[in-house]
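The values are calculated or read from the model by the stated rules, or taken from the named source; none is laboratory data. Remember, it's a predicted structure, so these values are computed and weren't measured experimentally. Remember, those area values only see protein heavy atoms, side chains included, never the ligands or the DNA or RNA. Shrake-Rupley method; radii C 1.70, N 1.55, O 1.52, S 1.80 Å.
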Amino acid sequence: MKPPHPGRLSAHLTAKEPTTLKITLEPGRCVGAGHCVLSAPEVFDQDESDGVVILLDTEPDAALADAVHEAADLCPARAILVGGEDGTP
C-alpha cells in the first residue's frame, strides 16, 4: 500500500484545534448532583448552601476538554453547555 501524500498528512496533523472551550451554565436546571465537580474540579464547584454548580473558569484551556465534556455528559439536568472558540458545540 502506498503511503499517504505527505501534504495531506501534514495538513491533517496541523489542523487548528480550539485552544479554549466556551462553557455556559443553566443554573436553574442544576440539581446539585456534583458530577461536574468530580469530573473537572479545576472548572466547576458547587454552592455550599444549595449545591448548585458554580463556574470557576468560563474559558478553560483545551487540555481540560475531556474532563469538561465528561462533566457535561454526566450532568443529569443537562445544565452544562460546552462549545469551542467559534461558539459551536
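Quick notes
- Largest first, the residues 49, 39 sort by 1.4 Å accessible area into 49, 39.
- Remark on residue 22: its backbone amide H falls under 5 Å from those of 83, 84, a criterion applied only to residues 5 or more positions apart or on other chains, H modelled at 1.01 Å from N.
- Shape call, segment 16-73: gyration tensor on alpha carbons, a/c limit 1.5: prolate
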